[in-house]
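Contents: one structure, followed by commentary.
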């Protein structure tokens, strides 16, 4: 079983994603041997009030519920985000995505803390992308910046009961997410999509083993499989998964068991 915790449907305004429908995504998954994928409409990041995208998501993937796992999108600056959260639960959405850099609120502020706490009370995992695209190639109308991992670490510490997945994050092993000892036993995760085995090679050879350092120091339980399809190819994440220095049980946790537990899925 392989569950992709980082995939998308819909339209990215700055680059064509080529027919990014449920059927097209499932075809991409089939080519890469991916059984299930967590999905949202990516354009919800640009909606001030993203609930319409959530309703469309629930409707569009209904025929594909055995393959696609829906996540709602919330904007904590919306005056009725609490009502939207209730609607997401009623629609059967399995988690919530937040986009601080696109909806323009601080990653360690009161608005996001309130939303994350509400999700924790509803037993919904929260997915926060560190970035959607590399800032070096962003369109001039795109905010085009990554979130501060120290601020994300503060958020995790502020809402310790929440399950928080930081997708597309790097670097990892020497980031505040891992270096803060008070966070090591909390329920936070990063995916493999943009993580690098050899992050820092351009600086010095002593910084070459980002994922390996994380695993050597006991951080493998914070890893999930994710590809960032279709913005990225699935191949790099699959190669990283194959190369991880972990035992079979840990690999199964990374590929599907942890994700299934977070998303309250029935495990086979």
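Listing 148, 134 from fewest to most neighbouring C-beta atoms within 10 Å gives 134, 148. Sorted largest first, the principal axis extents computed over the alpha-carbon atoms of region 19-125 equal 42, 25, 22 Å. In summary, the convex hull built on the alpha carbon positions of region 56-201 has an orientation-averaged projected area of 10.0 nm². Once the convex hull of all Cα atoms in region 3-262 is built, its volume per residue stands at 120 Å³.
Short-range pairs are left out: with C-alpha atoms under 8 Å and at least six residues apart, the relative contact order of region 3-262 is 17 percent. Taking one quarter of the surface of the C-alpha convex hull of region 80-163 gives a mean projected area of 5.9 nm². When you restrict to C-alpha pairs under 8 Å that are six or more residues apart and normalise by the size of region 1-127, the relative contact order lands at 21 percent.
Only Cα pairs under 8 Å and 6+ residues apart enter the sum, and on that basis the relative contact order of region 73-125 stands at 43 percent.
Computed from the C-alpha gyration tensor, the three semi-axes of the ellipsoid equivalent to region 1-52 are 22, 13, 8 Å, from longest to shortest. Relative to one another, the C-alpha centroids of region 44-96 and region 208-231 are positioned 27 Å apart. Each helix, a run of at least 4 DSSP H residues, gives -39500 (n - 2.57); summed and divided by the residues of the chain, these come to -9000 deg cm²/dmol at 222 nm.
We did not get these values from a lab; they are worked out from the coordinates using the rules stated. It should be emphasised that the depicted structure is a prediction, and the values quoted were computed from it without experimental measurement. Using ideal geometry, Cβ is built from the backbone for each residue, glycine included, and neighbour counts are taken over all protein chains shown.
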